[in-house]
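Down below is the structure, laid out as C-alpha coordinates.
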Amino acid sequence: MAFGDKKSAKTVATPTLNMIELNAEMNGTLSFKEPVDLRINGLFTGKLDVRGSLSVGVRASVEADVTGDYVVIAGKVKGNVHATKLLTLMPTAVLLGDIHAPKLNVVEGAVFQGMCHMTLNDAPAGEWFSVKELSTYLEIEEGVIWELVNSGKIPFIKEGDNFKFERVQIDHWAATGAMK
(Lines give C-alpha, C1' and ligand atoms only; values in the text may rest on other atoms or scores of the structure.)
Protein backbone atom coordinates (compact mmCIF):
# COMPACT_ATOMS: atom_id res chain seq x y z
CA MET A 1 0.00 0.00 0.00
CA ALA A 2 1.24 3.50 -0.79
CA PHE A 3 0.48 4.88 2.66
CA GLY A 4 1.45 1.84 4.70
CA ASP A 5 -0.69 -0.65 6.54
CA LYS A 6 -3.86 0.55 8.14
CA LYS A 7 -3.90 -0.16 11.84
CA SER A 8 -7.05 -0.71 13.81
CA ALA A 9 -7.97 2.15 16.12
CA LYS A 10 -7.46 1.48 19.80
CA THR A 11 -10.32 2.15 22.14
CA VAL A 12 -9.24 4.00 25.23
CA ALA A 13 -11.52 3.88 28.23
CA THR A 14 -11.90 7.25 29.89
CA PRO A 15 -13.37 7.53 33.36
CA THR A 16 -16.76 9.18 33.52
CA LEU A 17 -17.47 11.69 36.24
CA ASN A 18 -20.51 11.39 38.48
CA MET A 19 -23.00 13.93 37.18
CA ILE A 20 -25.03 15.94 39.67
CA GLU A 21 -27.68 18.36 38.45
CA LEU A 22 -29.31 20.99 40.69
CA ASN A 23 -32.59 22.36 39.33
CA ALA A 24 -33.91 23.91 42.56
CA GLU A 25 -33.06 26.63 45.06
CA MET A 26 -30.27 25.70 47.44
CA ASN A 27 -28.31 27.45 50.23
CA GLY A 28 -25.13 26.24 51.92
CA THR A 29 -21.75 24.83 51.09
CA LEU A 30 -21.13 22.17 48.48
CA SER A 31 -17.68 20.61 48.61
CA PHE A 32 -16.51 17.56 46.67
CA LYS A 33 -13.31 15.60 47.33
CA GLU A 34 -13.73 13.36 44.28
CA PRO A 35 -14.20 14.67 40.72
CA VAL A 36 -17.81 15.31 39.68
CA ASP A 37 -19.67 17.00 36.85
CA LEU A 38 -21.89 19.50 38.71
CA ARG A 39 -24.53 21.37 36.75
CA ILE A 40 -26.51 24.16 38.37
CA ASN A 41 -29.71 25.25 36.66
CA GLY A 42 -31.50 26.87 39.61
CA LEU A 43 -30.59 29.28 42.40
CA PHE A 44 -27.60 28.68 44.66
CA THR A 45 -26.30 30.78 47.55
CA GLY A 46 -23.27 29.86 49.65
CA LYS A 47 -19.95 28.32 48.66
CA LEU A 48 -19.00 25.87 45.88
CA ASP A 49 -15.82 23.77 45.94
CA VAL A 50 -15.85 21.32 43.04
CA ARG A 51 -13.24 18.85 41.83
CA GLY A 52 -13.93 18.17 38.17
CA SER A 53 -16.27 20.40 36.20
CA LEU A 54 -18.91 22.95 37.16
CA SER A 55 -21.49 24.33 34.74
CA VAL A 56 -23.77 27.25 35.59
CA GLY A 57 -26.75 27.07 33.24
CA VAL A 58 -28.32 29.95 31.30
CA ARG A 59 -31.21 30.39 33.78
CA ALA A 60 -29.07 29.78 36.88
CA SER A 61 -28.19 32.39 39.46
CA VAL A 62 -25.30 31.73 41.82
CA GLU A 63 -24.24 33.96 44.70
CA ALA A 64 -21.12 32.23 45.97
CA ASP A 65 -17.38 32.00 45.81
CA VAL A 66 -16.67 29.22 43.33
CA THR A 67 -13.72 26.85 43.01
CA GLY A 68 -13.47 24.17 40.32
CA ASP A 69 -11.10 22.60 37.83
CA TYR A 70 -13.14 23.40 34.72
CA VAL A 71 -15.81 26.08 35.18
CA VAL A 72 -18.33 27.07 32.48
CA ILE A 73 -20.67 29.98 33.20
CA ALA A 74 -23.71 30.66 31.03
CA GLY A 75 -25.91 32.22 33.75
CA LYS A 76 -25.30 34.79 36.49
CA VAL A 77 -22.59 34.46 39.14
CA LYS A 78 -21.96 36.98 41.90
CA GLY A 79 -18.76 36.00 43.68
CA ASN A 80 -15.13 35.20 43.04
CA VAL A 81 -14.29 32.33 40.68
CA HIS A 82 -11.14 30.24 40.99
CA ALA A 83 -10.72 27.76 38.10
CA THR A 84 -7.62 25.60 38.49
CA LYS A 85 -7.54 24.64 34.79
CA LEU A 86 -9.98 26.67 32.63
CA LEU A 87 -12.79 29.20 33.01
CA THR A 88 -15.21 29.72 30.12
CA LEU A 89 -17.72 32.59 30.03
CA MET A 90 -20.48 31.86 27.51
CA PRO A 91 -22.31 34.67 25.61
CA THR A 92 -25.14 34.78 28.19
CA ALA A 93 -22.79 34.85 31.21
CA VAL A 94 -22.79 37.65 33.77
CA LEU A 95 -19.92 37.43 36.27
CA LEU A 96 -19.63 39.99 39.07
CA GLY A 97 -16.47 39.06 40.93
CA ASP A 98 -12.79 38.39 40.54
CA ILE A 99 -11.31 35.65 38.38
CA HIS A 100 -8.31 33.47 39.23
CA ALA A 101 -7.51 31.08 36.37
CA PRO A 102 -4.50 29.98 34.33
CA LYS A 103 -6.66 29.89 31.19
CA LEU A 104 -9.72 31.99 30.31
CA ASN A 105 -12.13 31.78 27.39
CA VAL A 106 -14.56 34.70 27.07
CA VAL A 107 -17.13 34.32 24.32
CA GLU A 108 -18.46 37.52 22.75
CA GLY A 109 -21.48 38.79 24.65
CA ALA A 110 -20.34 37.70 28.10
CA VAL A 111 -20.34 40.35 30.83
CA PHE A 112 -17.55 40.43 33.41
CA GLN A 113 -17.02 43.00 36.15
CA GLY A 114 -14.08 42.47 38.46
CA MET A 115 -10.38 41.76 38.37
CA CYS A 116 -8.74 38.96 36.43
CA HIS A 117 -5.65 37.17 37.72
CA MET A 118 -4.00 34.79 35.26
CA THR A 119 -0.67 33.57 36.60
CA LEU A 120 1.24 30.36 36.40
CA ASN A 121 0.86 30.03 40.15
CA ASP A 122 -2.83 29.25 39.56
CA ALA A 123 -1.87 26.20 37.49
CA PRO A 124 -1.94 22.89 39.33
CA ALA A 125 1.41 21.76 40.74
CA GLY A 126 3.41 19.66 38.32
CA GLU A 127 1.94 21.18 35.17
CA TRP A 128 4.78 23.67 34.63
CA PHE A 129 8.55 23.15 34.47
CA SER A 130 11.48 25.45 35.08
CA VAL A 131 14.52 25.02 32.81
CA LYS A 132 16.16 22.74 35.38
CA GLU A 133 12.99 20.64 35.87
CA LEU A 134 12.54 20.36 32.10
CA SER A 135 16.15 19.24 31.72
CA THR A 136 15.50 16.42 34.17
CA TYR A 137 12.11 15.57 32.62
CA LEU A 138 13.46 15.35 29.05
CA GLU A 139 16.84 13.94 30.16
CA ILE A 140 18.80 16.54 28.18
CA GLU A 141 21.31 19.14 29.31
CA GLU A 142 20.14 22.62 30.32
CA GLY A 143 22.38 24.12 27.62
CA VAL A 144 20.42 22.25 24.95
CA ILE A 145 17.16 23.61 26.36
CA TRP A 146 18.56 27.15 26.23
CA GLU A 147 19.53 26.57 22.57
CA LEU A 148 15.97 25.41 21.83
CA VAL A 149 14.53 28.46 23.64
CA ASN A 150 16.82 30.90 21.82
CA SER A 151 16.01 29.37 18.43
CA GLY A 152 12.25 29.32 19.17
CA LYS A 153 12.07 25.57 18.63
CA ILE A 154 10.45 24.72 21.97
CA PRO A 155 7.16 26.05 23.42
CA PHE A 156 7.67 28.29 26.45
CA ILE A 157 6.41 31.41 28.15
CA LYS A 158 8.41 34.07 29.90
CA GLU A 159 7.17 35.37 33.23
CA GLY A 160 9.45 38.18 34.37
CA ASP A 161 12.95 36.75 34.20
CA ASN A 162 11.71 33.15 34.41
CA PHE A 163 11.07 30.77 31.55
CA LYS A 164 8.25 28.24 32.09
CA PHE A 165 7.31 25.19 30.06
CA GLU A 166 3.81 23.67 30.17
CA ARG A 167 3.93 19.89 30.48
CA VAL A 168 1.06 19.32 28.01
CA GLN A 169 2.75 21.44 25.35
CA ILE A 170 6.14 19.82 25.96
CA ASP A 171 4.63 16.33 25.72
CA HIS A 172 2.93 17.26 22.43
CA TRP A 173 6.11 18.91 21.14
CA ALA A 174 8.18 15.79 21.98
CA ALA A 175 5.55 13.43 20.53
CA THR A 176 5.55 15.23 17.17
CA GLY A 177 9.29 14.63 16.80
CA ALA A 178 10.23 18.30 17.10
CA MET A 179 12.89 17.32 19.64
CA LYS A 180 15.15 15.83 16.95
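The values are calculated or read from the model by the stated rules, or taken from the named source; none is laboratory data. The structure displayed is predicted, hence computed values, not measured ones. Counting neighbours? That spans all protein chains shown, and the Cβs are built from the backbone with ideal geometry, glycine included.
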Is it true that some residue in segment 129-139 is of a type in the set (G, A, S) and touching a helix residue (DSSP H, G or I) at 6+ places or on another chain (Cβ under 6 Å)?
-> yes
Of the residues that make up segment 127-137, is at least one part of a loop (DSSP other than H, G, I, E, B), among the small types (G, A, S), under 29 Å from Y70 (Cβ atoms) and touching a residue at least 40 places away in the same chain (Cβ under 8 Å)?
-> no
Those residues of segment 89-122 which are of a type outside the set (A, V, I, L, M), assigned to a strand (DSSP E or B) and at pLDDT 95 or above, in sequence order | F112, Q113
Could you identify the single residue in K85, K76 that is surrounded by fewer than 20 Cβ atoms within 10 Å (Cβ to Cβ) and at pLDDT 90 or above?
-> K76
Find the residue count for segment 132-161, including only residues that are polar (S, T, N, Q) and surrounded by 11 or more Cβ atoms within 10 Å (Cβ to Cβ).
-> 2
Among all residue pairs at least 6 apart or on different chains, which show Cβ distances below 7 Å where the first residue, located in segment 23-36, is loosely packed, with under 12 Cβ neighbours inside 10 Å and the second is of a type in the set (S, T, Y)?
-> N27/T45
